[in-house]
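The block underneath contains the structure these notes are about, expressed in structure tokens.
The values are calculated or read from the model by the stated rules, or taken from the named source; none is laboratory data. In this text the structure is predicted, and so the values were computed from the model without any measurement. Note that we place each Cβ from the backbone using ideal geometry, even for glycine, and neighbour counts take in every protein chain shown. What goes into the accessible areas is simple: the full protein's heavy atoms, side chains included, and nothing from ligands, DNA or RNA. Shrake-Rupley method; radii C 1.70, N 1.55, O 1.52, S 1.80 Å.
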Amino acid sequence: MDAKEQEFNRLLNNEAAGKNEKVYGLTTEMLNMNELSVTVEKAPPERDQWGKGVEFLFSCIALSVGLGNVWRFPFIALENGGGAFLIPYLIVLILVGRPVYYLEVIIGQFSGRGCIGAFNMAPIMKGVAYGQIYSTALATTYYACIMALTIRYLVVSFDSVLPWTYCLLEWGSECVATGASGTPNGTQGISSAELYFTRTVLREPDTLDEGGLGVPSLEMVLCLLITWIIIALTLYKGIRSSGKASYFLALFPYVIMFILFARAITLPGSWQGIVYFLKPQWSQLLKPNVWYAAITQMFFSLAICFGTLIMYASFNDFGKRVHKDVIIITTIDSLTSILAGCIIFGILGNLAYETNTTDISRVVKGGAGLAFISYPEAIAKFKYLPQLFAVLFFFMLLVLGIGSNIGMASSVINVVKDRFPQLPHWQLAIYASLIGFLCGLVYMTPGGQFVLNLVDFYGCTFIAIVLAIAELLAVGWIYGIKRLCNDIEFMLNVKTSWYWRICWAIIAPGLMFLVLVYTLASYEPLTYKGVTYPQAAYTAGWAIWGLGVAQLPFWAIWTICQQPARSFTEKFKLALQPTPNWGPRQAEHLQAYRLHRQKLSEAKTASGSGFFDNIFG
């Protein structure tokens with residue numbers, strides 16, 4: 001036994017004994033020389049893992065199944081062909097949603113790192129990860145605002161008389177009561193449910209030109225504080241606490257959904273609403289905006305390309321067979337969207353029946369209006385126990401929202417945790433919640449919904465499309481599909497089919513690029529309820545977008561400059577290659593992986609490979 005082998009065995013024994021020295025890889029130089037070499041490096045800090053494998057499944061369900069399934073999908077489907085929308089939606093699920101979901105889970109589990117560390121596979125594209133964290137942090141702040149609105153409605157749902165069922169004197173003669181004995185919807189005026197939402201809860205101005213954003217509402221500030229306290233308590237021990245909470249966050253909403261569904265289908269007129277929701281309008285399939293809507297809905301429904309899935313998967317066991325989990329999660333997410341649509345439109349069909357409205361579209365409002373105007377208005381028509389169904393609905397929204405917000409907040413916190421592992425997780429949870437609460441105060445002002453709409457578009461939707469394309473190019477074309485599939489085979493001992501390869505390399509990035517082109521081609525200045533923003537708001541919106549997208553060139557230039565080579569060409573080539581410490585986080589897996597890569601490198605040198613072999617080989 002030579003000196004190198006003796007040193008190797010000594011380090012392995014020390015590792016088995018729990019000592020600090022670890023076998024953490026083979027040097028690149030020795031790999032090229034086909035020699036066994038051991039380097040003693042500072043081992044990465046220990047990383048939490050899920051208490052049970054099923055916690056990953058439930059956490060992903062809680063993350064992906066959220067408000068977008070309940071209020072966005074039904075309205076988007078209705079606008080884009082009803083039941084016919086399900087065809088492009090399911091096609092996009094198969095060609096984009098599921099492949100990208102699997103891709104991100106694989107990257108996170110293989111590297112054992114959050115999204116920042118995962119991009120060591122293609123360091124020149126690390127700006128993708130920073131941009132995603134920036135966008136996720138913005139989404140976390142305004143998502144908590146929606147949770148605050150839900151808490152406000154949940155609390156008042158316990159009143160003996162639901163407060164949106166009657167008119168207040170200050171609303172004037174334009175108000176039309178929506179209680180069980182209220183005036184039919186056909187009467188001219190504005191429903192009390194809409195006035196309660198806009199004037200009592202939001203105190204919303206018609207424009208921002210006169211009074212600006214205004215002062216935050218004390219009631220809404222308290223609701224926002226409760227929201228962030230719930231988030232902090234759920235995250236105070238990291239995934240050890242959020243993983244346990246995932247059982248409730250993932251499963252309980254379905255208990256309420258099935259109760260509401262059972263109630264919805266027994267209401268008079270409900271089946272007319274469900275048929276209205278599902279009836280195909282085949283002519284819509286030829287319109288490009290329908291396919292655009294299907295891609296964007298799938299994109300945000302599954303929470304792909306935001307960094308959260310990579311973070312969740314990084315806590316998995318290295319050999320966990322995640323492909324089954326991916327199929328389960330993406331299928332449940334789509335079925336939940338359809339179930340939520342049937343519930344919503346069953347109840348809205350009853351509302352149309354009670355108000356003698358033949359056109360159901362007249363009682364439908366999109367987005368937040370569907371949850372806080374149309375649905376409360378429908379509940380107001382219930383003759384029996386309207387408070388009970390109001391409590392059930394808003395508690396379901398709260399649980400769905402918390403489950404999604406936990407994932408987004410965890411993603412941001414774990415970036416800091418990975419950089420400063422010595423910081424206690426409970427401190428990070430408290431600091432993040434405090435910052436989130438302070439940032440969220442702007443949404444609690446009378447003009448807060450104007451800000452939310454602006455941040456949602458420029459800070460999340462628009463940024464996410466650009467970063468998603470960059471992520472798919474980084475993995476599929478810089479790191480390489482063939483190498484990724486070799487990594488999957490090393491980790492799971494399974495071959496990757498052509499379906500995944502083609503979707504990752506060509507179809508998913510191609511469709512996302514078409515979405516970006518369509519977004520730019522059809523771009524019009526953003527409005528809120530038909531009201532244009534002041535020019536300063538548009539400037540702020542583009543600044544928010546620019547700061548997120550600027551992460552791409554900034555970190556690319558930074559990475560190139562940090563390379564040890566002398567010429568720019570050599571620096572650029574090194575920035576395209578994985579970093580020396582790229583691979584599984586665990587020392588024993590990393591050691592085996594580098595030996596695996598060495599054998600593949602020798603085989604490649606002997607046989608050679610072409611361009612298409614990188615994808616289909």
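Below is a table of values for the structure above.
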item	result
Global geometry of region 97-145, whether rounded, prolate or oblate, following the gyration tensor of its Cα atoms and the 1.5 cut on a/c	oblate
Burial ranking of peptide ranges 73-86, 554-567 (average Cβ count within 10 Å, highest at the top)	73-86, 554-567
The chain - Cys residues lacking any other Cys C-beta under 4.7 Å	C60, C115, C145, C223, C305, C342, C439, C460, C485, C503, C561
CD proxy at 222 nm, helix term only [per DSSP H run n ≥ 4: -39500 (n - 2.57); per residue of the chain; nearest 500]	-19000 deg cm²/dmol
Which of L103, L90 is most accessible, then next, and so on - probe 1.4 Å	L90, L103
Under the Karplus curve 6.51 cos²θ - 1.76 cosθ + 1.60, θ = phi - 60°, whole-Hz ³J(HN,Hα) for region 328-342, x wherever Gly or Pro sits	5, 5, 5, 5, 4, 4, 5, 5, 5, 4, 5, 4, 4, x, 5
Cα lying deepest toward the dipole's positive end in the chain, options A177, L438, Y89, charges on Cβ	Y89
Surface accessible to a 1.4 Å probe, per residue, for the residues of the chain, Å²	42
With all protein chains modelled, accessible area of I360 [1.4 Å, Å²]	10
Solvent-accessible surface ranking, highest first, for H425, H589 at 1.4 angstrom	H589, H425
Region 229-275 versus region 505-574: alpha-carbon centroid distance in Å	35
Cα gyration tensor category, rounded, prolate or oblate, for region 546-587 with a/c compared to 1.5	oblate
Solvent accessible area, Å² - F299, 1.4 Å probe, full protein context	10
Label selected from (1) 18, 51, 24, 6, 0; (2) 17, 43, 29, 9, 2, 0; (3) 18, 47, 23, 8, 4, 0, the criterion being P(r) over Cα pairs in 20 Å bins from 0, in percent as computed here	(1)
Region 264-419 - percent relative contact order, Cα under 8 Å, separation 6 or more	34
Residue-level accessible surface for D206, protein heavy atoms, 1.4 Å, Å²	130
Placed amide H near C175: partners under 5 Å, 5+ positions off or other chain	I190
Using θ = phi - 60° and Karplus 6.51 cos²θ - 1.76 cosθ + 1.60, couplings along region 107-119 (whole Hz; Gly, Pro as x)	4, x, 5, 5, 7, x, 10, x, 5, 5, x, 5, 7
Magnitude of the charge dipole, the chain, Cβ model with Lys/Arg +1 and Asp/Glu -1, debye to 20	1040
Spatial separation of Cα centroids for region 309-323 and region 427-454, in angstrom	31
Listed residue (G269, G53, Q132) projecting farthest to the positive dipole end of the chain, Cβ model	G53
Surface share of carbon and sulfur [accessible, 1.4 angstrom probe, percent] for region 251-290	75
Rounded if a/c under 1.5, otherwise prolate or oblate - region 131-280, Cα gyration tensor axes	oblate
Region 432-516 - percent of accessible surface contributed by carbon and sulfur, probe 1.4 Å	73
Simple label model, 7 Å out from Cα along Cβ direction - F554 to Y247, nm	4.3
Packing-based ranking, highest mean first, of 130-137, 161-168 given that Cβ atoms within 10 Å are counted	130-137, 161-168
